[in-house]
Amino acid sequence: MQQREYIGLEDQYGAHNYKPLDVVLSRGKGVWVWDVDGNKYLDCLAAYSAVNQGHCHPKIMQAMMTQAEKLTLTSRAFRNDQLGPFYKELCELTNSHKVLPMNSGAEAVETAIKTVRKWGYTVKGVAEDQAEIIVCDNNFHGRTISIVSFSTDDNARAGFGPFTPGFKCVSYGDAAAFEAAITENTVAFLVEPIQGEAGVMIPPDGYLKKVREICDRRNVVLILDEIQTGLGRTGKLLTEEYEGIEADLTIIGKALSGGFYPISAVLSNTEVMNVLQPGEHGSTFGGNPLACAVARAALKVLFEENLIENSYEQGKYFLDGLKQISHPHIKEVRGRGLMLAIEFHPEVGGARDYCYKLKEQGILAKDTHENIVRFAPPLVIKREEVDQILDAVNKALPVS
Ligand SMILES: *Cc1c(COP(=O)(O)O)cnc(C)c1O
């Protein structure tokens, strides 16, 4: 079949809830993917950071095959021999006390929301149904009704009401605005350490530290959504490490499986998680043995192959390279680890066209908004491959 036939099938039979770049991929290895015609591309999106370990990592694949032949799903009605070791390894790596496993990122965010509401009523003493959670402008935490209820993106919300109450929005990066919004009913602050979908928005230095201090002082649970920033993406295991803080609840997903399987988790550093009692929350597939075996292997690969250090090093080199590009259309380049972006002047826009230009150069990247292009390749990337991206970035810019 031709690429346009595959695209035709998607258009005819599928819901149109995405507008993908028109490239039909059929194979991947490491940082590379191939389309059905055999064209090779360097993947600079890595499935929104779910493929940090690189496409089809052999060790994760082996763990998945081995486990798939033994036991895939028990439900949590029974126990399985992968869940306990998965909990222990994840807690030791992230310095956490407790784990609650789910599947998608959005489910883990919902889990955190339920947990802090319950904590608010049973521990903090908030009056029934009055709990408030503070979030930030331009947040992205997923697509469920409750989560889009506190989105500030019209596209995500319009037409989907009525919305879930109990959320309050403050401007991102402004610790004073956060503190001013706290009331006696505030149970938690939910925030991304770097806003990914908003276009790799990096808050001012010291923001998370201040937020941590305010949460401690005002008895508010700090929830960091590290679904995209976590697991090595920004050059540390968790982005909170840059400010030497620890969240009370940390949400991870995406790269937790290295792209093989939907696995997410809420990590708890405090006793917050203890408010959940049997029967109050769960998921048929959450914590299944296949997921746990895959996640154990995916975590092991991050450390055994020094992918977190590599993300830090290559990310620095990549950002330095971007900074050396001078072009009148570029407003700013920014990044931390291998989470980078080029922002064009808003009046120029053209991010999507630019992504098609990059595709001609063998680079797949994703536009976010009209004028921002994000670069987030798998963390297995080598320096020569970063050079290849930088070269393509230059060549794809319009002659000025
Ligand atoms: C991707 C993402 C989510 C949602 O994860 P899904 O697996 O798509 O539900 C939530 N928060 C952040 C920061 C994300 O990047």
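When we screen ALA181, ALA176 for residues that are open to solvent by 50 Å² or more (accessible area, probe 1.4 Å) and either away from the ligand (no atom under 16 Å from the Cβ) or among the polar types (S, T, N, Q) (or both), the only hit is ALA176. The residue that is surrounded by the most Cβ atoms within 10 Å (Cβ to Cβ), counting only those in region 7-36 that are in contact with a strand residue (DSSP E or B) (Cβ under 9 Å, 6 or more places away or on another chain) and part of a loop (DSSP other than H, G, I, E, B), is VAL31.
Going through region 355-384 one residue at a time, which ones are open to solvent by 20 Å² or more (accessible area, probe 1.4 Å) and either among the aromatic types (Phe, Trp, Tyr) or part of a helix (DSSP H, G or I) (or both)? Within region 355-384, TYR356, LYS357, LYS359, GLU360, ARG383, GLU384 meet the criteria. In region 219-235, the residue that is farthest from GLN314 (Cα to Cα) out of those that are outside any loop (DSSP other than H, G, I, E, B) and either within 13 Å of the ligand (Cβ to nearest atom) or out of contact with any Leu (no Cβ under 9 Å at 6 or more places or on another chain) (or both) is ILE223. The set of residues in region 236-258 being surrounded by 24 or more Cβ atoms within 10 Å (Cβ to Cβ), in a loop (DSSP other than H, G, I, E, B) and more than 11 Å from the ligand (Cβ to nearest atom) consists of LEU238, ALA247, ASP248, GLY258.
Considered as a group, the residues in region 46-65 that are part of a loop (DSSP other than H, G, I, E, B) and over 13 Å from THR229 (Cα atoms) include one that is nearest to the ligand (Cβ to nearest atom), and that residue is GLN53.
Is it true that GLY315 is assigned to a helix (DSSP H, G or I) and closer than 24 Å to HIS369 by Cβ? In short, yes.
Only residues that are part of a helix (DSSP H, G or I), more than 9 Å from the ligand (Cβ to nearest atom) and hydrophobic (A, V, I, L, M, F, W, C) were counted in region 92-118, giving 4. In the set (1) away from the ligand (no atom under 16 Å from the Cβ); (2) surrounded by fewer than 24 Cβ atoms within 10 Å (Cβ to Cβ); (3) touching a residue at least 40 places away in the same chain (Cβ under 8 Å), the condition left unmet by ILE214 is number (3). Close contacts from region 184-197, counting a first residue that is over 17 Å from SER171 (Cβ atoms) and a second that is surrounded by fewer than 24 Cβ atoms within 10 Å (Cβ to Cβ) and of a type in the set (Asp, Glu), with Cβ to Cβ under 9 Å and a gap of 6+ residues or different chains, come to ASN185/GLU132; VAL187/GLU132; ALA188/GLU132. In region 231-249, the residues that are in the same structural domain as SER268 (by TED's automatic domain parsing) and of a type in the set (Ser, Thr, Tyr) reach residues that are assigned to a helix (DSSP H, G or I) and open to solvent by less than 20 Å² (accessible area, probe 1.4 Å) with C-beta atoms within less than 9 angstrom, at least six apart or across chains, in these pairs: THR234/SER311; THR234/GLY315; THR239/LEU208; TYR242/LEU208. Residue count for region 140-155 satisfying the condition of being under 17 Å from THR368 (Cβ atoms), more than 8 Å from the ligand (Cβ to nearest atom) and surrounded by 18 or more Cβ atoms within 10 Å (Cβ to Cβ): 1. A count restricted to region 269-278 and to residues that are open to solvent by less than 50 Å² (accessible area, probe 1.4 Å) and assigned to a helix (DSSP H, G or I) stands at 3. Return yes when VAL266 is touching a residue at least 40 places away in the same chain (Cβ under 8 Å), within 16 Å of the ligand (Cβ to nearest atom) and either crowded, with 24+ Cβ neighbours inside 10 Å or in the same structural domain as GLY196 (by TED's automatic domain parsing) (or both) and no when it is not. For VAL266, the condition - touching a residue at least 40 places away in the same chain (Cβ under 8 Å), within 16 Å of the ligand (Cβ to nearest atom) and either crowded, with 24+ Cβ neighbours inside 10 Å or in the same structural domain as GLY196 (by TED's automatic domain parsing) (or both) - is met. For region 192-201, residues that are open to solvent by less than 10 Å² (accessible area, probe 1.4 Å) and near the ligand (Cβ under 10 Å from one of its atoms) total 4.
The values are calculated or read from the model by the stated rules, or taken from the named source; none is laboratory data. Given the structure is predicted, the values throughout are model-derived calculations rather than measurements. Ideal geometry is used to build each Cβ from the backbone, glycine not excepted, and the neighbour counts take in all protein chains shown. Calculation scope for accessible area: heavy atoms of the full protein, side chains included, ligands and nucleic acids excluded. Shrake-Rupley method; radii C 1.70, N 1.55, O 1.52, S 1.80 Å.
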